[in-house]
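Got a structure here, written out as structure tokens. Questions coming.
The values are calculated or read from the model by the stated rules, or taken from the named source; none is laboratory data. Note that this is a predicted model, so its numbers are computed, not measured. Cβ: placed from backbone, ideal geometry, glycine included. Neighbour counts: every protein chain shown.
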Amino acid sequence: MAGMADAGTNDKSGPRKSSWRYIGPGIVVAATGVGAGDLVATLIAGSKYGYTLMWAAVIGCIVKIALAEASGRWHLATGRTLFEGWHSLGPWTTWYFSVYVVVWGFIYGATAMSSSALPLAALFPDGPDLKVWAIGTGLIGLVFVWFNQYAVFEKVMTAMVGVMFVVVVYVAIRVSPDLGAAFAGLAPVLPDGSLLYTLGLIGGVGGTITMAAYGYWVNAKGWTNSAWMKVMRVDNRVAYITTGIFVVAMLIVGAELLHASQIALSSGDKGLVDLGQVLESRYGEATAKLFLIGFFATSFSSLIGVWHGVSLLFADFAERVQKDRRGVSAKQGSAEEVAAGVKERSVPFRVYLLWLTFPPMALLWLDQPFGLVIAYGVLGAFFMPFLAATLLWLLNSSRTPAEWRNGILSNVMLTVSGLLFVILCIQQVRELPW
């Protein structure tokens, strides 16, 4: 994997043939998209319904493959970034994104730091306070992303995916899965009361705004034109097959370790600390500590993935706003700027890094302000329908070269995913503490 980040960077014509050695952005999006909260949601689904919802996890991966492929295809086919595409649809996209990225980043920063701190506090119970661990992980993420560009970032993310993969699969094997029941779970069945868990498995695991960042990571890898399309598609499938393995493994753990014993977990990321305690009582301290290391890799990879990927999105957004103010028309070439690392060295990129790190630290001491929680919930719920709808619009219009516009399958998948996310959006808004 060490040579991946450089494999295509200097070859603008594209690869001579598709090769597994080029894979990289998909690993990054898999590591970023699967956070501790996603694993808890999957665990709880397994603990409540056993293997019955296995089919939902598989469908969720297929939906995410379609969305991420569409994002990457836009970048490669047009030579323009996704935010440039959004901007071409009208000023409403700029207004929506500007509010979303500020509020979302403020809340997510605190969430990511807390999630990364939990396993460290569990691993070192005599160590610093949880808030100290949280601040430390945020600062480490800031320094790492500030001083390293994509090539190093990808290598570190790959290592963390390796840790996540080994730990989660090991635990799934350790609990002795019932393979017959697992395969039976591939048949679509909806037990009573399972609709929301099913929708959550299909739509909630594997990334939200990080799916929009996928195209930027594709460009940062050095893939900037349609000659890289086949490689991108292989890379994208690897991302969500990897995600699928994580989800299936955690469903197995929930089904075998928790469902039969009727053990309940705490909601949120603390559920993984609970699971560590269950593993220690069943399989010993070594297994529990290994799991907590995997928990940390899962959380911290999401932290630095967002610190890098969403900062790229913000830098592109800020650049477009500045051009609008100067009356400069949109031009192609942003993909090359991302590939050259220009945006990673830009002032807006680093300003958003600081925004993700320092203001959210205040939330580690304070309860989240009521109005901010509502704004975060509403904006977050609307993002995935926004992404699906705008990709449908962009990839069926003259903005995309005819050769790379959506076919029937892409349109069906994006439409289905958009409708799914609308249902999830409505439910999330209904559940907010109004």
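Take LEU89 and tell me if it is touching a residue at least 12 places away in the same chain (Cβ under 8 Å), closer than 23 Å to ASP274 by Cβ and of a type outside the set (S, T, N, Q).
Values: touching a residue at least 12 places away in the same chain (Cβ under 8 Å): yes; closer than 23 Å to ASP274 by Cβ: no; of a type outside the set (S, T, N, Q): yes.
So LEU89 does not fit the description; no.
Inside the stretch 160-174, can you point out the residues that are without any contact (Cβ under 8 Å) to a residue 40 or more places away in the chain and of a type outside the set (Val, Ile, Thr)? Show your work before the answer.
So in the stretch 160-174, the residues without any contact (Cβ under 8 Å) to a residue 40 or more places away in the chain come out as 162, 173.
Across the stretch 160-174, the qualifying residue is only GLY162.
Does GLY72 count as in a helix (DSSP H, G or I), within 15 Å of the chain's Cα centre (by Cα), over 30 Å from ALA362 (Cα atoms) and at pLDDT 90 or above?
Answer is yes for this residue.
What do you reckon, is TRP307 crowded, with 24+ Cβ neighbours inside 10 Å, over 21 Å from the mean Cα position of the chain (by Cα), closer than 18 Å to VAL28 by Cβ and among the hydrophobic types (A, V, I, L, M, F, W, C)?
Here the answer is no, as TRP307 does not meet what is asked.
For residues that are of a type in the set (Phe, Trp, Tyr) and under 15 Å from LEU364 (Cβ atoms), scanning just the stretch 88-115, find the one that is surrounded by the fewest Cβ atoms within 10 Å (Cβ to Cβ).
PHE106
A follow-up question, please. So VAL168 ticks every box in (1) modelled with pLDDT under 90; (2) on the phi < 0 side of the Ramachandran plot; (3) touching a helix residue (DSSP H, G or I) at 6+ places or on another chain (Cβ under 6 Å) but one. Which box is left unticked?
(1)
Still on this structure: Could you grab me the full set of residues in the stretch 20-51 that are aliphatic (A, V, I, L, M) and part of a helix (DSSP H, G or I)?
ILE27, VAL28, VAL29, ALA30, ALA31, ALA36, LEU39, VAL40, ALA41, LEU43, ILE44, ALA45
Something else: Counting residues that are farther than 30 Å from LEU312 by Cβ, which helices (runs of 4 or more DSSP H) fully inside the stretch 149-251 reach at least 3?
150-174, 179-184, 195-204
Take the residues of the stretch 186-199 that are within 25 Å of the chain's Cα centre (by Cα) and within 17 Å of ALA255 (Cβ to Cβ): which is surrounded by the fewest Cβ atoms within 10 Å (Cβ to Cβ)?
Only one residue tops the list, namely LEU186.
Scan the stretch 201-208 and give yes if some residue there is farther than 22 Å from ALA239 by Cβ and either surrounded by fewer than 21 Cβ atoms within 10 Å (Cβ to Cβ) or of a type outside the set (Lys, Arg) (or both), otherwise no.
Looking through the stretch 201-208, none of the residues is farther than 22 Å from ALA239 by Cβ and either surrounded by fewer than 21 Cβ atoms within 10 Å (Cβ to Cβ) or of a type outside the set (Lys, Arg) (or both).
Check the stretch 264-273 and report whether any residue there is at pLDDT 85 or above and either part of a helix (DSSP H, G or I) or among the polar types (S, T, N, Q) (or both).
no
Something else about it: Only one of PRO25, PRO15 is touching a Lys or Arg at 6+ places or on another chain (Cβ under 6 Å) and either of a type outside the set (Lys, Arg) or modelled with pLDDT of 85 or more (or both); which?
On inspection, the qualifying residue turns out to be PRO25.
So which of ALA77, ALA57 is in a helix (DSSP H, G or I), touching a helix residue (DSSP H, G or I) at 6+ places or on another chain (Cβ under 6 Å), surrounded by 24 or more Cβ atoms within 10 Å (Cβ to Cβ) and in contact (Cβ under 8 Å) with a residue 60 or more places away in the chain?
Matching residue, one of ALA77, ALA57: ALA57.
Kindly evaluate THR198 against the criterion of being more than 13 Å from TRP55 (Cβ to Cβ) and touching a helix residue (DSSP H, G or I) at 6+ places or on another chain (Cβ under 7 Å).
Here the answer is no, as THR198 does not meet what is asked.
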